[in-house]
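Scroll down for the structure; my scribbles are underneath it.
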Amino acid sequence: MASEDHQGNKDPADTSITDGAPSPGTSCPVHSHTAEDAKRNGLRKGLVRHRDYVKISVPEGKVNLVHERVPPKENSPPLPDKFFDYIDRVQWAFTVTEVNGMVLVSVWSIQLLFHRYKAIVGRRYFFLLGTLYMYRCITMYVTTLPVPGMHMVCAPKLYGDSQAKLQRVLQLLSGGGLSITGSHLLCGDFLYSGHTVILTLTYLFLKEYSPRSFWWYHLMCWLTAAVGVVCILVAHEHYSVDVVVAYFITTRLFYWYHTMANLQTLKCSPNNYLTHTWWNPVFNFFERNVQTQVPCSFCWPITWPPACLKNPCKKYSMVQSSREE
């Protein structure tokens with residue numbers, strides 16, 4: 001099943017890929033199609049999954065460290081917040097946030113499973129998610145904010161008990177860091193909001209890699225994400241600045257990465273200042289076999305039994321063509 005590319009109508013002749021060679025008139029280095037491409041593609045997938053696991057695990061350990069530095073709410077009351085001045089806390093609102101997040105991630109997992117180029121799309125998602133959580137790890141460590149509400153119950157501090165700290169990290173990981181699973185009892189991971197990152201990034205990927213004509217699908221996903229973000233503030237689980245910073249960083253990183261990935265001329269331009277980012281070498285490694293916008297095309301994720309499947313996904317080392325009409 002093929003669907004229309006939601007980024008705009010493009011002439012397939014202008015964006016087709018043949019053995020990774022760039023279009024005439026550009027000075028991009030030619031990528032030769034070799035037998036090692038499949039191995040390299042597998043290496044890319046393995047590296048990004050390992051990298052994402054490490055980056056998600058490190059903040060969980062960092063939360064444990066930050067938790068020890070959070071001042072008692074009796075001594076350091078919540079900071080003034082304009083949103084809290086006008087909106088009283090709703091106790092069940094944060095549950096709505098986490099349920100909406102799980103719904104979006106589940107829908108995105110199904111969409112990714114049926115996408116023809118799931119390896120490319122998947123490594124982009126995990127790379128951006130891991131990078132955002134690494135940034136969050138830095139911000140919440142360098143600036144420790146007091147709890148945003150007196151309702152928050154923080155676990156006792158452990159100080160030098162390393163074994164107990166490790167057990168807390170494992171508990172966080174096992175419960176996905178969610179409050180509804182009872183695994184998140186630590187405080188201090190406020191700047192910036194990880195729930196906002198998940199909701200925003202997942203929505204952006206859902207929209208980016210689905211047909212443009214599915215406006216109703218995009219609207220439902222947007223409403224789910226928007227309600228989840230608003231409920232974070234209604235529940236008084238994060239300061240307003242936590243949500244604003246998370247939204248800004250997530251959207252900017254997503255737009256920068258996809259602008260680089262979708263425009264071949266930017267990869268070769270000496271005047272492209274986005275190549276000065278620290279993640280540009282990683283970007284070049286992951287996007288080496290992608291020299292056009294990823295087609296919005298879907299297929300069955302399995303190839304057995306072949307008689308029942310009209311259009312099975314095929315292994316690849318290059319994006320072979322543009323979108324299918």
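The values are calculated or read from the model by the stated rules, or taken from the named source; none is laboratory data. All of these numbers come straight from a predicted model, not from anything done at the bench. Cβ: placed from backbone, ideal geometry, glycine included. Neighbour counts: every protein chain shown. When the accessible area is computed, the model is the full protein with side chains, heavy atoms only, and any ligands, DNA or RNA have been set aside. Shrake-Rupley method; radii C 1.70, N 1.55, O 1.52, S 1.80 Å.
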The range 138-209 to the range 219-236: how many Å between their Cα centroids? 18
Give a quick list of chymotrypsin sites (Phe, Trp or Tyr not before Pro) in the range 146-212 that DSSP marks as loop, anything other than H, G, I, E or B, with at most 16 other Cβ atoms within 10 Å. Y159
Over the range 65-169, with the other protein chains present, what is the accessible area per residue in square angstrom, probe 1.4 angstrom? 52
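Sum up the charges of everything whose Cβ sits under 10 Å from the Cβ of Y257, counting Lys and Arg as +1 and Asp and Glu as -1, but leave Y257 out.
Values: positive: R124, R252; negative: E287.
Result for the local shell: +1.
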Note down the nm distance, to one decimal, between modelled labels 7 Å out along Cα→Cβ at I87 and at F248. 1.9
Long-range tail of P(r) for the range 193-260 (Cα pairs > 15 Å, %): 54
The pairs in K73/K165; K118/K267; K118/K165; K82/K207 lying past 25 Å Cα-Cα in this model are K118/K165; K82/K207
